[in-house]
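Take a look at the structure below.
The values are calculated or read from the model by the stated rules, or taken from the named source; none is laboratory data. Worth saying up front: this structure is predicted, and the values here are computed from it rather than measured. As a convention, Cβ positions derive from the backbone with ideal geometry for all residues, glycine included, and neighbour counts pool all protein chains shown. Each accessible area value is taken on the protein alone, full model and side chains, heavy atoms only, with ligands, DNA and RNA left out. Shrake-Rupley method; radii C 1.70, N 1.55, O 1.52, S 1.80 Å.
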Amino acid sequence: MLTNKEMKRLVLASLVVVVAGGAQAQGLGNSPYSRIGLGEYNANTGGVRQMGMGGVGLAAPNSVNVNELNPALLYYTGRTTFEAGYNGQYKTVKNASASSRSGNGTLGYFALSVPLSTKWGAAVGLKPVSAVDYESNIVKDVANTPTGQPAQSLTQLKGTGGVSEAYLAQGVRITKAFTLGFTASYVFGVVDETAGTTVVVANSTNSLQKAVDRAHTRYSDFAFRAGAHYRQKLGKSLNVNLGGVYSFAHNLNGQQTITKETEDTNGTLISTATTVSDGRGRTFVPALSQLGVSFDNDKNWSLNLDVAQQQWSKYRSFDGTGPGLSNTLRFGLGGEITPDPGSVEHYFQRVAYRAGISLAQLPYQPGGKMLYDRSVSWGFGFPLPTATPLEATTISLAFTYGVRGNTELLGGTTGSSNVQENYIRGQLGVTLNNRWFIKRRLQ
């Protein structure tokens, strides 16, 4: 039987599930690269604990946070754990000639993990897979215009939305040192993209009109992920952990509607929207392979190295074509230390301190040159002083400063340039631990 406190926590978790269930993955500020492929892709880098360590932790078991990054680590869930993360980001986007600033905040993820037995743990949750959030203007001269009436076209591109996954994960202990895990996800989301073109003719008295093309794509399908973890003692106070996760390639089915319409400069509809196409299709998402190694003393510190590879060259968009993406590699190195987890007199000795670095290739190669995402991360885990062996609450903070892309000119010293994003991301995580289903003893 559940206690009153346990019931309150369950109600709180249910309310968050209801609120988050209707949420879609949202962008965090203008990101021009999210126009390509599925958008800004989240390559299974975990929650607030992993973010503070540079997005690593595939082989790092943890008894406080939800171990959904690698489902095989769910075996190490000692107490029922609810966790929610809230994201914020501020970024500067620039090319060789201009720059802009933007920022936003949104619910990041939530997860609930439960130890089902001494050898079996499970988790459910919701997290973003990709985000589309871009807005840009392209100005071009119109060729072959009459003498004395030069013209320019202004094309405004805008995209919003994204894809999320609701998942059920399980981890089982096979032997004393070896665990396996499996995750089944329902992937869903909506992406809206708009291209509006206005032609401005010099010395013309005609009112301006904008031709607008809209694409509304709704995605839904299933995806699967498998994980493994091996733990071995190297000495009296040193352990080595090996972990691996494989996210299977899958087709993401969807329904896409494309319409055309005409607006005036105030955005008022002039002509009735005309449906150009309305049909089903599929997007092929390539497999993701991740490997990690971790060292810890089973007490207060861990050091982790993760590597991930994804074959984006096999990606195919909704209509079956490929935008020419490239395979990617990602490396992350990070760790955490808690000076004295059992300290009574000094609170900050019980705080978890985290830091890490990451280097990732981007799947885009403008001009045939690879672009990179370089970042440094740090974070903290603050346990509330009211913690007991039965229940505990931890407030976590994680921050990442990074640079994506560059501003090099395409085609030498003239022409357009790449886009560079300088960003600072923050995440606030709330973790609730409780021992449920405790057998009562009669005195």
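Things to note:
- The set of residues in segment 367-426 being of a type in the set (D, E, K, R) and in a loop (DSSP other than H, G, I, E, B) consists of LYS369, GLU408.
- Some residue of segment 198-212 being at pLDDT below 95 and under 31 Å from the mean Cα position of the chain (by Cα): yes
- Residue that is farthest from the chain's Cα centre (by Cα), among those in segment 70-95 that are hydroxyl-bearing (Ser, Thr, Tyr) and part of a strand (DSSP E or B): THR80
- PHE331, sole failed condition from (1) assigned to a loop (DSSP other than H, G, I, E, B); (2) open to solvent by 80 Å² or more (accessible area, probe 1.4 Å): (1)
- Filtering segment 312-323 to residues that are open to solvent by 20 Å² or more (accessible area, probe 1.4 Å) and either touching a helix residue (DSSP H, G or I) at 6+ places or on another chain (Cβ under 7 Å) or not in a helix (DSSP H, G or I) (or both) leaves ARG316, SER317, PHE318, ASP319, GLY320, THR321, GLY322, PRO323.
- Criterion (modelled with pLDDT of 85 or more and either farther than 25 Å from ALA355 by Cβ or touching a helix residue (DSSP H, G or I) at 6+ places or on another chain (Cβ under 6 Å) (or both)) met by exactly one of GLU83, GLU40: GLU40
- Test: ARG231 is modelled with pLDDT of 95 or more and open to solvent by 30 Å² or more (accessible area, probe 1.4 Å): yes
- Against the numbered list (1) under 30 Å from VAL93 (Cβ atoms); (2) of a type in the set (D, E, K, R); (3) modelled with pLDDT of 85 or more, GLU391 comes up short only at (1).
- SER326, sole failed condition from (1) more than 19 Å from ALA43 (Cβ to Cβ); (2) within 30 Å of the chain's Cα centre (by Cα); (3) not in a strand (DSSP E or B): (1)
- ALA122 vs. criteria within 18 Å of the chain's Cα centre (by Cα) and closer than 30 Å to GLY181 by Cβ: no
- Any chance ASN137 is part of a strand (DSSP E or B), open to solvent by 40 Å² or more (accessible area, probe 1.4 Å) and free of Cβ contacts under 8 Å to residues at least 40 places away in the same chain: yes
- Of the residues making up segment 171-195, those that are touching a helix residue (DSSP H, G or I) at 6+ places or on another chain (Cβ under 8 Å) and over 28 Å from GLY254 (Cα atoms) are GLY171, VAL172, ARG173, THR179, LEU180, GLY181.
- Condition met for TYR90 (in contact with a Lys or Arg (Cβ under 8 Å, 6 or more places away or on another chain) and surrounded by 23 or more Cβ atoms within 10 Å (Cβ to Cβ)): no
- Residues that are part of a strand (DSSP E or B) and out of contact with any Gly (no Cβ under 8 Å at 6 or more places or on another chain) were ranked within segment 290-307; the one that is surrounded by the fewest Cβ atoms within 10 Å (Cβ to Cβ) is PHE295.
- Considering VAL240, VAL201, the condition of being in contact (Cβ under 8 Å) with a residue 12 or more places away in the chain, out of contact with any helix residue (DSSP H, G or I) (no Cβ under 8 Å at 6 or more places or on another chain), within 30 Å of ASN297 (Cβ to Cβ) and among the β-branched types (Val, Ile, Thr) is satisfied by VAL240 alone.
- Residue match in segment 106-116 (condition: surrounded by 24 or more Cβ atoms within 10 Å (Cβ to Cβ), hydroxyl-bearing (Ser, Thr, Tyr) and within 13 Å of the chain's Cα centre (by Cα)): yes
- For segment 343-363, the tally of residues that are out of contact with any Phe, Trp or Tyr (no Cβ under 7 Å at 6 or more places or on another chain) and open to solvent by 60 Å² or more (accessible area, probe 1.4 Å) stands at 7.
- Segment 364-381, residues that are in contact (Cβ under 8 Å) with a residue 12 or more places away in the chain and open to solvent by 50 Å² or more (accessible area, probe 1.4 Å): GLN365, GLY367, LYS369, TYR372, ARG374, VAL376, TRP378, PHE380
- Here THR393, THR431, THR400, THR386 are screened, and the one residue that is of a type in the set (Ser, Thr, Tyr), open to solvent by 30 Å² or more (accessible area, probe 1.4 Å) and on the phi < 0 side of the Ramachandran plot is THR386.
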